Structures are given as structure tokens and as C-alpha cells.
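Right, one structure below, let's go through it.
A short reminder: the numbers here are calculations on the coordinates, not readings from a lab. Since the structure is predicted, the reported quantities are computational estimates derived from the model, not experimental observations. Because the Cβ atoms are built from the backbone with ideal geometry, glycine has one as well, and the counts that use them run over all protein chains shown.
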């Protein structure tokens with residue numbers, strides 16, 4: 001089997017794509033004083049009332065030890081709250097505060113526009129195929145790791 005050309009290898013294509021895509025989003029996050037990781041946490045919390053720290057780590061792809069620091073900073077900023085489960089004190093839930101929720105209405109229109117601009121660079125059919133293909137690759141990797 002022939003070795004894949006380095007620049008066309010999946011890892012390098014993904015890195016190049018991230019380097020092309022993420023700066024526009026990072027500029028938006030920075031405008032609101034957020035890091036990319038803080039954004040991921042808030043984005044998940046905007047879709048849920050409260051999320052257990054362990055589940056938040058899984059959903060945001062932020063390792064639990066790193067996530068604690070991200071949540072600490074968001075809490076200091078007044079954007080999230082933590083509370084221990086009354087049934088199992090080992091479980092900590094994180095939720096967005098009123099201020100944390102209010103940011104959603106300011107930042108999401110800008111994020112939606114960035115997505116719309118990005119999607120215009122690719123045919124709609126190819127965009128959907130890209131998302132489906134990446135999902136299949138990620139799912140196959142998840143199955144092998146368990």
C-alpha cells in the first residue's frame with residue numbers, strides 16, 4: 001500500500017482546515033472576552049439547563065483536568081455556576097448564569113454569519129457530504145477506542 005502524500009493526509013487536511021476556519025470564529029469569541037474552550041462550554045450550556053462536569057468534558061472535547069480551569073475562569077467572569085449533586089456529591093453540575101445566557105443573543109448572530117459565509121465557499125451538497133463523512137470517521141474512531 002502506497003503511503004499517502006503528507007499534505008493530503010487526513011490529519012494534515014484537518015489541521016489546514018482548522019487553520020483556515022478558526023481565526024474568524026476566534027475573533028468573534030475574543031470580542032466577547034472568551035477563549036475557544038470557554039465558548040465550547042457556553043455553547044453546550046445554552047442547549048441544556050445543567051450539565052455534569054464529566055459529560056461537559058465529553059461534549060466539549062476538553063479533558064476533565066483542563067475543563068476545571070476553564071469552568072473556574074467562566075465562574076470568575078460570572079458566566080457559569082457550579083453546584084454539587086444532592087444525590088452524589090462527586091457529581092458537579094455546571095449551568096449558565098443569566099449573564100452567561102445573555103451573551104448567547106449577542107454572539108450567536110455573528111457566529112451564524114461566519115457559518116453562512118463559510119458555507120458559501122462550498123457547494124451545499126459537498127458541505128453536507130463533508131459533515132457526514134467527518135461524522136463517520138469520528139464515529140469509527142469512537143467505536144475503536146471503546
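Picking from 61, 45, 67, which residue would you name as being free of Cβ contacts under 8 Å to residues at least 60 places away in the same chain and touching a strand residue (DSSP E or B) at 6+ places or on another chain (Cβ under 7 Å)? Outline the logic, then answer.
Numbers: 61 fails: touching a strand residue (DSSP E or B) at 6+ places or on another chain (Cβ under 7 Å); 67 fails: touching a strand residue (DSSP E or B) at 6+ places or on another chain (Cβ under 7 Å).
Sole residue among the options that is free of Cβ contacts under 8 Å to residues at least 60 places away in the same chain and touching a strand residue (DSSP E or B) at 6+ places or on another chain (Cβ under 7 Å): 45.
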Please state which of the following conditions residue 142 fails to meet, knowing it meets all the rest: (1) part of a helix (DSSP H, G or I); (2) surrounded by 12 or more Cβ atoms within 10 Å (Cβ to Cβ). (2)
Yes or no: the stretch 82-99 includes at least one residue that is closer than 21 Å to residue 111 by Cβ, out of contact with any helix residue (DSSP H, G or I) (no Cβ under 9 Å at 6 or more places or on another chain) and loosely packed, with under 15 Cβ neighbours inside 10 Å. yes
Need the failing condition index for residue 117 against (1) in contact (Cβ under 8 Å) with a residue 24 or more places away in the chain; (2) surrounded by 14 or more Cβ atoms within 10 Å (Cβ to Cβ), just the number. (2)
List pairs: first in the stretch 125-140 and touching a residue at least 40 places away in the same chain (Cβ under 8 Å), second assigned to a helix (DSSP H, G or I), Cβ under 8 Å, 6+ apart or cross-chain? 137/10
Condition first: touching a residue at least 60 places away in the same chain (Cβ under 8 Å) and over 16 Å from the mean Cα position of the chain (by Cα). Now tell me which residues in the stretch 4-30 satisfy that. 10
